[in-house]
1. Ignoring everything except DSSP H segments at least 4 long, calculate the 222 nm mean residue ellipticity for the chain; use -39,500 (n - 2.57) per segment, divide by total residues, nearest 500.
2. Given a 10 angstrom Cα cut-off, can you work out which residue in 146, 196, 96 is the most mobile in a GNM of the chain?
3. Show me, for region 295-302, the HN-Hα J-couplings you get by feeding each phi into the Karplus relation (A = 6.51, B = -1.76, C = 1.60, θ = phi - 60°), rounded to Hz, glycine and proline as x.
4. How many angstrom lie between the C-alpha centres of region 264-336 and region 103-157?
5. With the Cα gyration tensor of the chain giving a ≥ b ≥ c as the square roots of its eigenvalues, does the rule (a/c under 1.5 for rounded; else a/b larger than b/c for prolate; else oblate) give rounded, prolate or oblate?
6. Nearest 5 percent is fine: what portion of the DSSP beta bridges confined to the chain is antiparallel?
7. If you count, for each residue, the other Cβ atoms within 10 Å and average over each peptide, how do 181-189, 154-162 line up from highest to lowest?
8. By counting other Cβ atoms within 10 Å of each Cβ, how are 50, 325 ranked from fewest to most?
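Bear in mind that the values in this text are calculations on the coordinates, not laboratory data. Just so it is clear, the model here is predicted, and its values are computed rather than measured. Cβ atoms come from the backbone with ideal geometry, glycine included; neighbour counts cover every protein chain shown.
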Amino acid sequence: MVDTLPSDPLSSIKKLHNDDFVITHGFDADGTLLQQAATPSNTVWTWKSYALADARARRSLETDESLPEMVREAFLSSGDQYQISFEDGWLFGELPDLQHEHYGDPRELGYFRFAFNDRLFISGRRHPLQSVDDVRQSIGRGKVKPATPIALFNAIFRRFLELLKAEIAKLSETLDSIEDHIVGESWQGERERLVPVRRQIVVFHRYLTAATSLFRHIDHADRRALPEDLDDLIEGLSRRAETLHAEGDQLQQRARLLQDELMAKLTDQSNQFLYVLSVMTAVLLPSTVISGLFGMNTGGLPLASSEHGFWIVALVALAISAMVYLLVRKIGGSRN
């Protein structure tokens, strides 16, 4: 599997190197994608994208002695966990990205592994990722011209934040619709809509929290070791992630409040049903007792020989039920 789409405009571009498990792009000093078949002399930096699900890609990374050992270990690790580190001029780690809409659920998150220095940018993924492909498409159309690997990293993660912001905006619109129904009288059935929305908000908020913490950690831990341009980039991305994290936090609080209000309405409705059932039980209890007594197959029952015995007993039971109903209404009214 390669990191391309069937309709990918980049498929017609001649790249420096193109196997089915790694795609290599060369860029000049202006950030323009080079289209020569052979390695051009004016290549300033290179982007290699690996399909980590392919065993050949993993073997290629294992045998690439030009990469530092810590970079190879980060790419070849079996587990997935968000991390970011800076060592010996390399910024490397693993960050979240949305899965590609054509190959998975665009609301599900994947793992984007990266490493770069001033001349080389390496990326890897097990599943097609939306932000990486969007940036690659923009580069192919000439809309984005990353002059350095830092600029490419900035473009990819900013695109991820933009996609996440768009998803959060959609979730906010859905919450607005749910809120309108809950405040109104047509709130039945909104619980089924609210549960998946709240789950998605929790997922996005969790990964935004992880990304924000990672950038804050490296900004504090490696500030002295980071080059000035990389330090500025990390600080800028950290601020954008924190802003989006705050929006997600507000959205999560809204969803929680809507769920509490919805549960209050459901509880009130259940209490009303229980009240009606209690009243019906209290009203019908005297009639049940009387009918049970007169239904016994024993001798000596009063009114057994009277022509109007049934109607007398029915009227007595009805009168007692009416008295019980009025008493229950009075008790209920006094408590309200």
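1. -20000 deg cm²/dmol
2. 196
3. For region 295-302, the Karplus curve yields x, 5, 8, 10, x, x, 5, x Hz.
4. Cα centroid of region 264-336 versus Cα centroid of region 103-157: 74 Å apart.
5. Prolate, since a/c reaches 1.5 and a/b exceeds b/c.
6. Here the antiparallel bridges make up roughly 80 percent for the chain.
7. With the highest mean Cβ count within 10 Å placed first, the list reads 154-162, 181-189.
8. Starting with the residue having the fewest Cβ neighbours, the order is 325, 50.
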